[in-house]
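One structure is given below, encoded as structure tokens.
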Amino acid sequence: MITFYVALAVFAQESTWNFYDSRVPELLRDYIASAAVIGLLMGMDNLLGVFIQPAMGNRSDNTRTVWGRRIPYLAVMMPLGALLFLLIPHAASLGWLILLIFLYAVVMNSFKPISESLLPDFIRPERRSRANAAVKTAAALTVIVAALVSLLLVDDHPQLAFAVPAGLMLAAAAVLVWKVRDSNSAGYQAALAEDAADTADAADTADAGAKGAAAPTGAEGRVPGTKIGAILRDLARDPDRSRLLMIVTVFVFGGAWAASRALMTPYGVEALGLSDGQAGGLTLPSGIAYILAAFPAALLAERFGRLRVIMVGMAIFAAGTILGAVVQNPVATMVALCLAAAGAAGFMINAVVVLWNLAPSARVVGTYTGLYTVGWAGGALAGPALVGLAVDLTGWHLMLLHITVLAVIAIVLVIRVDRLQRGAAAEGRAL
């Protein structure tokens, strides 16, 4: 049932995000004529996420209460996020609107890694891919919810429309607080056991020092600290570069994926000769393809290995972008995007699971959820800009090939991670 509860939480929060992305630009247009300024304000949440999510994931990692380490934050922040979201359409001036969307972005980014970290807290490593597939599918379905709310309510009741996603988030928060106590999770119990071991080691060290004896070395392989600075130093200094390379891979492939979505409408207009409306519909079938591919990607990962499925998935993504570059017409482009989205599911379902499983301790899983987001959000910021620069130099007709280059780089990085892990397994030291 925990997979359902986490999926419910993600579904609720992503419902507000998707509706936010579709409606807030229109609210900003009432005050701002510049599309660039509106785009800058709409990108603020990604930039905030780079800084906030690892910090809040780490803060929850180090929280100890009778309710656990995640639920106390969700009990406060989900209702607060719903309230701020509900207030956005009531802003009476540009200043108030910017303040509300800033506060909303801060709160939502603060609890996003916390809710997602419930999954590895409860689910065994070998079952995390299929559980994450359910969560990602729930997130993908929110695009449909946001579209229905827009279709049924926005024209006649624009302020009431914001109440529907806000109500979903309040309901999800109530269910989580009522049903879930992550103090019972295997991850939380493992963290408590590691805390106790550290306390015992500290006591032994102090006792040995008082007696003039050699201090014990502690448990071999234990993470050197649970504060974010210690975690980042451990990540940077680890001679096995698997974790660092995986985060870089998330950044690179996240950039490829973001570019394939953000630049598709102008590509359809400039390269395919479509109208704005027709070009905007090019990605719709690929959303369905992603949902259909999500659960098979999880099952295949559990059978054949996550890194292998990630590599194959990214290769399929690259094959899709190459197909779209070679055959440039609307039908072929939609087919190519469906192929690319199905391949991307292999990455998106499994990449964060790889990072969870590579985390050196149960005490830092939330931090690693945040680090995944740093890679993904950073790629979402840099990818479209980098591909856009390449398009400025070469023309729109080569856009999909530029995206292919990013995908190939990501494949090379994962091949390196796979070799490192195979070497570690052969030496009996796999993470």
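The values are calculated or read from the model by the stated rules, or taken from the named source; none is laboratory data. Everything quoted here is computed from the prediction, not taken from an experiment. Because the Cβ atoms are built from the backbone with ideal geometry, glycine has one as well, and the counts that use them run over all protein chains shown. These accessible areas exclude ligands, DNA and RNA; they are computed on the full protein's heavy atoms, side chains included. Shrake-Rupley method; radii C 1.70, N 1.55, O 1.52, S 1.80 Å.
Residues of the stretch 28-59 being over 17 Å from the mean Cα position of the chain (by Cα) and open to solvent by less than 60 Å² (accessible area, probe 1.4 Å), which ones?
Result: Leu28, Ile32, Ser34, Ile38, Gly39, Leu41, Met42.
Of a type in the set (A, V, I, L, M, F, W, C), at pLDDT 80 or above, open to solvent by 10 Å² or more (accessible area, probe 1.4 Å) and out of contact with any Leu (no Cβ under 7 Å at 6 or more places or on another chain): is that true of Ala138 in this structure?
Yes, satisfied.
Identify the residue in the stretch 414-431 that is at pLDDT 90 or above and surrounded by fewer than 21 Cβ atoms within 10 Å (Cβ to Cβ) and, among all such residues, is farthest from Ala344 (Cα to Cα).
Arg419
Can you name the number of the only condition in (1) modelled with pLDDT under 90; (2) within 14 Å of Phe253 (Cβ to Cβ) that Pro360 fails?
Every condition holds for Pro360 apart from (2).
Cβ contacts < 7 Å: first residue touching a residue at least 24 places away in the same chain (Cβ under 8 Å), restricted to the stretch 180-200; second residue among the polar types (S, T, N, Q) and outside any helix (DSSP H, G or I), any location; separation 6+ or different chain. Result?
Short answer, once both residue conditions are applied: Glu194/Ser361.
What residue, of Ile403, Ile409, is over 30 Å from Glu194 (Cβ atoms) and open to solvent by 20 Å² or more (accessible area, probe 1.4 Å)?
Only one candidate passes the filter, namely Ile409.
From Val175, Val154, grab the single residue that is of a type in the set (Val, Ile, Thr) and at pLDDT 85 or above.
None of the others qualify; the one that does is Val175.
Which pairs do you get when a residue that is among the hydrophobic types (A, V, I, L, M, F, W, C), found in the stretch 230-243, comes within reach of a residue that is not in a helix (DSSP H, G or I), reach meaning Cβ atoms under 8 angstrom, with the pair 6+ apart or on two chains?
Ala230/Val223; Ala230/Pro224; Ile231/Val223; Ile231/Gly225
What pairs come out if I take residues in the stretch 377-392 that are within 26 Å of Ile52 (Cβ to Cβ) and open to solvent by 20 Å² or more (accessible area, probe 1.4 Å) and pair them with residues that are at pLDDT 85 or above and part of a helix (DSSP H, G or I) whose C-beta lies under 6 Å away, six or more apart or interchain?
Ala380/Gly254; Ala380/Ala258; Ala382/Gly255; Pro384/Ala258; Pro384/Ala259
Restricting attention to helices (runs of 4 or more DSSP H) lying wholly within the stretch 261-348, give those where 3 or more residues are open to solvent by 30 Å² or more (accessible area, probe 1.4 Å), of a type outside the set (Asp, Glu) and at pLDDT below 90.
Once the helices (runs of 4 or more DSSP H) in the stretch 261-348 are filtered for at least 3 residues that are open to solvent by 30 Å² or more (accessible area, probe 1.4 Å), of a type outside the set (Asp, Glu) and at pLDDT below 90, what remains is 264-270, 276-280, 284-304.
Quick one: how many residues across the stretch 86-113 are closer than 15 Å to Ile32 by Cβ, crowded, with 22+ Cβ neighbours inside 10 Å and not hydrophobic (A, V, I, L, M, F, W, C)?
Of the residues in the stretch 86-113, 0 are closer than 15 Å to Ile32 by Cβ, crowded, with 22+ Cβ neighbours inside 10 Å and not hydrophobic (A, V, I, L, M, F, W, C).
Can you pull out the residues in the stretch 232-242 that are modelled with pLDDT of 85 or more and under 15 Å from Gly57 (Cβ atoms)?
The answer is Leu232, and nothing else.
For the stretch 349-378, what are the residues that are of a type outside the set (A, V, I, L, M, F, W, C) and under 10 Å from Gly57 (Cα atoms)?
Gly366, Thr367, Tyr368, Thr369, Gly370 - these are the residues of the stretch 349-378 that are of a type outside the set (A, V, I, L, M, F, W, C) and under 10 Å from Gly57 (Cα atoms).
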